[in-house]
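Single-structure report; data block below.
The values are calculated or read from the model by the stated rules, or taken from the named source; none is laboratory data. These numbers were taken from a predicted model, which means no experiment stands behind them. Positions of Cβ are generated from backbone atoms using ideal geometry, with glycine treated the same way; all protein chains shown enter the neighbour counts.
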Amino acid sequence: MTSIGIDRHTGQPLTGWAHVVQCLQVIFSTGVGARVMRRTFGSAVPALLGQNLVPATVLRFMTAYAIAIDLWEPRFRVRSFSLPSDKNNAETAGQGRLTIQIHGDYMPNALEGDFTVVVPKTVDL
């Protein structure tokens, strides 16, 4: 059974990997405690925004992403992070932007208890 959602921009049905990516975006943009009936939902990512881009802050972002995925998105398992050099340079860092890639395993049937990995996937944040 495939989970089905609604694309938050178009209103069209959304399934598969695109649905997982949208769910991750919602998780990462929601601060813990922001939802009234689900206080534990979300991530520490919003609390980190605006901090100086030093190595310790980048590590905090990666940790916040990994914890949030582990807690709230069973269809994706984190394997590693990377900072792609083609998307990160002095100019983007000066603008306060950093692209982090999350590499992991996509398990489309994890919500039904089947944790078979279908394909490795990467999410750009």
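Could we say that residue 74 is more than 15 Å from residue 125 (Cα to Cα) and in contact (Cβ under 8 Å) with a residue 60 or more places away in the chain here? So residue 74 fails the test. The residue that is surrounded by the fewest Cβ atoms within 10 Å (Cβ to Cβ), counting only those in segment 89-125 that are polar (S, T, N, Q) and closer than 19 Å to residue 54 by Cβ, is 95.
Of all residues being within 14 Å of residue 98 (Cα to Cα) and without any contact (Cβ under 8 Å) to a residue 24 or more places away in the chain in segment 51-67, which is surrounded by the most Cβ atoms within 10 Å (Cβ to Cβ)? Just the residue, please. By that ranking, first place goes to 60. Scan segment 20-49 residue by residue and report those that are among the β-branched types (Val, Ile, Thr) and either outside any helix (DSSP H, G or I) or touching a Phe, Trp or Tyr at 6+ places or on another chain (Cβ under 7 Å) (or both). Once the filter is applied, which keeps residues that are among the β-branched types (Val, Ile, Thr) and either outside any helix (DSSP H, G or I) or touching a Phe, Trp or Tyr at 6+ places or on another chain (Cβ under 7 Å) (or both), segment 20-49 yields 20, 27, 30, 32, 36, 40, 45. Of all the numbered requirements in (1) over 17 Å from the mean Cα position of the chain (by Cα); (2) closer than 24 Å to residue 110 by Cα, residue 68 misses one, and that requirement is (1).
Reported count of residues in segment 1-32, each being exposed (fewer than 12 other Cβ atoms within 10 Å of the Cβ), without any contact (Cβ under 8 Å) to a residue 40 or more places away in the chain and of a type outside the set (D, E, K, R), is 7.
Selection of first residues in segment 91-103 that are within 16 Å of residue 59 (Cβ to Cβ) and of second residues that are aromatic (Phe, Trp, Tyr) and surrounded by 13 or more Cβ atoms within 10 Å (Cβ to Cβ), restricted to Cβ pairs under 9 Å at least 6 apart or on distinct chains, gives the following pairs, ordered by first then second residue: 98/61; 100/61; 100/65; 100/81; 101/81; 102/65; 102/76; 102/81.
Within segment 50-89, the set of residues being touching a Phe, Trp or Tyr at 6+ places or on another chain (Cβ under 8 Å) and β-branched (Val, Ile, Thr) comprises 69, 78.
Would you mind stating whether residue 86 is at pLDDT below 95, over 21 Å from residue 17 (Cβ atoms) and surrounded by fewer than 16 Cβ atoms within 10 Å (Cβ to Cβ)? Spelling it out, residue 86 is indeed at pLDDT below 95, over 21 Å from residue 17 (Cβ atoms) and surrounded by fewer than 16 Cβ atoms within 10 Å (Cβ to Cβ).
Surrounded by 16 or more Cβ atoms within 10 Å (Cβ to Cβ), modelled with pLDDT of 95 or more and polar (S, T, N, Q): is that true of residue 43 in this structure? It is true that residue 43 is surrounded by 16 or more Cβ atoms within 10 Å (Cβ to Cβ), modelled with pLDDT of 95 or more and polar (S, T, N, Q).
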